Amino acid sequence: MKPLFFVAVGVVIGFLVAHQVNQTTGGRRFFAELDTRTKAFRGAIVDGYRSREAELRAHPAAGV
């Protein structure tokens, strides 16, 4: 139980620090850039997944 407690405390502290950083101009800029990069990464993952899914549907025996 003790490690779980420390993880929870770390998460709470992380959120508090992120909230404080986000109140500054540089912090907002940082989180906006992070959001943009995260969305681009997510888009690449989704595109790759859909591409592979289409390949497997086109040739079902090849995926086995």
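Computed from the coordinates by the stated procedures, all read-outs in this text should not be read as laboratory data. Small disclaimer: the values here were computed from a predicted structure and weren't measured. Reconstructed Cβ throughout: ideal geometry from the backbone, glycine too, with neighbour counts over all protein chains shown.
What are the residues in segment 20-55 that are of a type in the set (Ser, Thr, Tyr) and assigned to a helix (DSSP H, G or I), if any?
Those that are of a type in the set (Ser, Thr, Tyr) and assigned to a helix (DSSP H, G or I): 25, 36, 38, 49, 51.
Take residue 17 and tell me if it is part of a helix (DSSP H, G or I), over 18 Å from the mean Cα position of the chain (by Cα) and surrounded by 10 or more Cβ atoms within 10 Å (Cβ to Cβ). Yes.
Restricting to segment 40-61, name every residue that is charged (D, E, K, R) and either in contact (Cβ under 8 Å) with a residue 24 or more places away in the chain or surrounded by fewer than 10 Cβ atoms within 10 Å (Cβ to Cβ) (or both).
If we filter segment 40-61 for residues that are charged (D, E, K, R), which is where we start, we get 42, 47, 50, 52-53, 55, 57.
If the condition is that a residue be charged (D, E, K, R) and either in contact (Cβ under 8 Å) with a residue 24 or more places away in the chain or surrounded by fewer than 10 Cβ atoms within 10 Å (Cβ to Cβ) (or both), then 57 is the only one that fits.
Consider residue 36 carefully, then state whether it is surrounded by fewer than 10 Cβ atoms within 10 Å (Cβ to Cβ) and either in contact with a Pro (Cβ under 7 Å, 6 or more places away or on another chain) or hydroxyl-bearing (Ser, Thr, Tyr) (or both).
no
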